[in-house]
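The values are calculated or read from the model by the stated rules, or taken from the named source; none is laboratory data. The shown structure was predicted, so the numbers you read here are calculated from the model rather than taken from an experiment. With ideal geometry, Cβ positions are generated from the backbone for all residues, glycine too; neighbour counts draw on all protein chains shown. Side chains are part of the model used for accessible areas, which takes the heavy atoms of the whole protein and leaves out ligands, DNA and RNA. Shrake-Rupley method; radii C 1.70, N 1.55, O 1.52, S 1.80 Å.
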Amino acid sequence: LTKLKDVGIEPKEYIRAQEVLANTLTEAFETGRSYEFNATNSNKHTPFKQPIKSSNLCAEISLPTRYYDSVLDLYKEDDSVTGEVALCNIGGIVYPNIESDEDLEKVAELILWLVDFGVNSSTYVLPHIGHTAKKRMSAGIGVVGLAECLAKNDLTFSTKEGKTHIHDLFEKHYWFLTKASLKLSKKLGVAEWMDKTKWPEGWLPIDTYNKNVDGVASELHYDWDSLRKEIVENGGIRNSVLVAHMPAETSSISSATTNGVYPIRTSFIMKKVGKLTMRYIVPYSDVYDYESAWDINQKDMIECYAVMQKWTDQAISLDEFFDVSHNDAKININELMKLWLYRQKMGLKTHYYTNTKTSGTDNLEIKTDNQESDCESCKL
């Protein structure tokens, strides 16, 4: 060691990968936060040709980024700059309000028109961010109100029937958004950087999703091969990506439905939005039989997220829910590691919050908007 130090080489310290993972999962469980990003899964299941290296705070945005050689490059508006900031343009479709495929077709077209207008009409303090945003035309349109949709159909996250319903809903979500983007491209043109994606070669999510999902749900209901042919003939679509699933914590209030893709925690809670605190009652909780997040086995929840990820070209704001309110309730590190490994096996890209219900949790749970307070753009 002395000889190494004499020539300016510091000896390395090694730590077992298993120990790093154990420490990470323990901290996530104790603090509730992890912000996990799986680069392997993210780069396998994406239309982008360039590498994806990170996600946003809520973990649902999965776009290419690159460092800037100079701060001055941020003020340029041309392709000579190699740096790039990932700009997320998000929206949500409130599925409890969708009554037919005709409704969904109109809404999909409208929401992508709004994304297009927002990207092209916004003022960018750092011009190069606007330049790349217009070249990419990346959209992240999520599902809002999934728990209500399941409850309406007398289904749950835990059953085979519920997971199949989720698979069908999310296939439909991607189908109509892809059709809408294709239609929009015929009026406004494909995204200028479409050649940086696999869309012109006919990429579809059915090509790169994790095949382990087939053990959960697999039947397709739309003619994807015909759509692929149309996309190739058109040279791509209007948007580089189409789908991301955000928390929709605050948005669930304005849309009067349940949070994004999450199960409910309790039928009545107090939500704090900024300085305002309001009572929130889960829609039709006196009529529908909702499944509580605390009653869902974690493996079942992972399988639900995996089905969603199949039809998601970006990522998911993925939460876990553990009930440790009973005296004999224990979660050991081996169990957490098994769940982590199962998430990787099923192709999940990201992880957001680890939520725990303790014996001190009141039935009138205080739910603040801290999940979105750090990211104003995550609020619809």
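Amide hydrogen proximity for D323: with H placed 1.01 Å from N in the peptide plane, the residues at 5 or more positions away or on another chain lying under 5 Å are K357. Each label point was placed 7 Å from the Cα along the Cα-to-Cβ direction; for L114 and I253 their separation is 1.8 nm. Each of W224, W294 has its accessible area taken with a 1.4 Å probe; listed largest first, they run W294, W224. The amide H of S62, built 1.01 Å from its N in the peptide plane, has A315 as neighbours under 5 Å, considering only residues 5 or more places off or on other chains. For the range 57-108 versus the range 193-248, the inter-centroid distance based on Cα atoms is 17 Å.
Solvent-accessible area assigned to carbon and sulfur over the range 242-342 amounts to 50 percent, based on a 1.4 Å probe. For the range 240-247, putting each phi into the Karplus relation 6.51 cos²θ - 1.76 cosθ + 1.60 with θ = phi - 60° gives couplings of 5, 9, 10, 10, 8, 10, 8, x Hz, in residue order, rounded to whole numbers and with x for Gly and Pro.
The phi-based Karplus calculation (6.51 cos²θ - 1.76 cosθ + 1.60; θ = phi - 60°) puts the 3J(HN,Hα) values of the range 149-159 at 4, 5, 4, 4, 9, 6, 10, 9, 5, 7, 9 Hz, whole numbers, x for Gly and Pro. Largest to smallest in accessible area, the residues D286, D116, D295, D207 fall in the order D286, D295, D207, D116 (1.4 Å probe, all protein chains included).
For the chain, the dipole from Cβ point charges (+1 on Lys and Arg, -1 on Asp and Glu) about the Cα centre works out to 800 debye, to the nearest 20. Accessible surface for R228 stands near 60 Å², nearest 10, in the context of the full protein assembly shown (1.4 Å probe).
For the charge dipole of the chain, defined by +1 on Lys and Arg C-beta atoms and -1 on Asp and Glu C-beta atoms about the Cα centroid, which residue among L169, Y95, W113 has the Cα displaced farthest towards the positive pole? Comparing the listed Cα positions along the dipole, W113 ranks first.
The accessible-area ordering, largest first, of the residues V241, V94 stands as V94, V241, per a 1.4 angstrom probe.
Within the chain, all pairs of alpha-carbon atoms sorted by distance into 20 Å bins from zero give the percentages 27, 56, 16, 1. Measure up K53/K198; K299/K349; K152/K338; K183/K229; K76/K134; K163/K183 against 23 Å on the Cα-Cα distance and list the ones that go over. Beyond 23 Å: K152/K338; K163/K183. Where nothing but the Cβ of Lys and Arg (+1) and of Asp and Glu (-1) is charged, how large is the charge dipole of the range 17-172 around its Cα centre, in debye to the nearest 20? Dipole of the range 17-172, to the nearest 20 debye: 400 debye. Scanning residues 5 or more positions from G91 or on other chains, those with amide H under 5 Å from its amide H are G140, I141, G142, with H placed 1.01 Å from N in the peptide plane.
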